[in-house]
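Values in this text are rule-based calculations from the coordinates and carry no lab data. None of these values were measured; they are calculated from a predicted model. Every residue, glycine as well, gets a Cβ built from its backbone with ideal geometry; the counts of neighbours run over all protein chains shown.
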Amino acid sequence: MTHLIPLKFTAKTRGDLIRNIADYGGNITKACEEVGIQRRTFYQWMKKKGKTADRFRKLVEQAKKVGVEALEDEARRRGMDGYNKPVFYQGAECGVIREYSDTLLIFLIKGHKKMYVDRHEVTGPNGKPIQYQGKVLNVSVNLSHLTRDELERLQAIAEDVTTRTIESRVD
């Protein structure tokens with residue numbers, strides 16, 4: 001690593017930084033250290049105006065994606081193909097065993113399948129429903145990522161809530 005000194009926003013520095021961001025899995029701190037700039041300088045460059053700065057920001061985002069994909073590939077390799085872990089006997093290496101990481105596979109699955117994401121149920125006192133005594137807000141939500149089945153379930157829930165609300169007002 002070189003000393004951290006302010007560098008000009010040159011094509012070579014930008015290129016080196018972009019490569020390092022991809023190589024270090026999107027880690028901005030490590031990428032900056034390798035180029036010899038402070039993180040603060042990087043973020044100042046990210047705020048610059050103009051075509052060169054716009055292109056730089058796009059390349060940074062692409063490099064982050066490439067870096068994260070490399071991390072996913074490595075996690076997948078360690079989880080599915082395994083890795084050799086040395087075995088020692090009386091201080092000397094005597095062989096290797098093949099190890100696999102179930103934990104890495106769990107995180108990969110959670111990242112790709114919504115049904116495996118950790119869920120938390122929030123309830124009111126003694127496990128009862130939360131009572132809301134406030135103003136109803138008009139909220140806009142993007143549902144474009146939901147599947148047709150999820151949308152149909154959501155609609156059924158909304159209809160059920162509406163029906164219960166109407167019935168409770170009649171009583």
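Structure above, values below:
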{"read-out": "Furthest towards positive pole of dipole, Ile109, Asn84, Thr41, structure part the chain, Cβ charges", "value": "Thr41"}
{"read-out": "Gain on full stretching of the segment that runs from Phe9 to Asn138 - 0.36 nm per residue minus C-alpha separation", "value": "41.9 nm"}
{"read-out": "Overall Cα dimensions of segment 62-120, principal axis frame, Å, largest first", "value": "46, 33, 18"}
{"read-out": "Estimated FRET transfer efficiency (Gln131, Leu151; beta-carbon r; R0 35 Å; 0.05)", "value": "0.80"}
{"read-out": "Choice from Ala53, Ala22, Ala158 with maximal GNM fluctuation in the chain (Cα, 10 Å cutoff)", "value": "Ala158"}
{"read-out": "Rounded Å value of the spacing that divides the Cα centres of segment 68-136 and segment 39-66", "value": "31"}
{"read-out": "Calculated SAXS-style log₁₀ I(q)/I(0) at q = 0.18, 0.20, 0.21 Å⁻¹ - segment 1-120, Debye, Cα scatterers", "value": "-0.92, -0.99, -1.04"}
{"read-out": "Violating pairs (Cα-Cα greater than 28 angstrom) within the set Lys48/Lys113; Lys12/Lys64; Lys51/Lys110; Lys12/Lys49; Lys65/Lys114", "value": "Lys48/Lys113; Lys51/Lys110"}
{"read-out": "Where trypsin sites (Lys or Arg not before Pro) fall in DSSP loop in segment 1-86, at most 16 other Cβ within 10 Å", "value": "Lys8, Lys48, Lys49"}
{"read-out": "Cα-centre dipole for the chain with unit charges at Cβ (Lys and Arg positive, Asp and Glu negative), debye to 20", "value": "1200"}
{"read-out": "Residues listed by number, segment 14-52, amide nitrogen under 17 Å from Glu74 label point at 7 Å toward C-beta", "value": "19-34"}
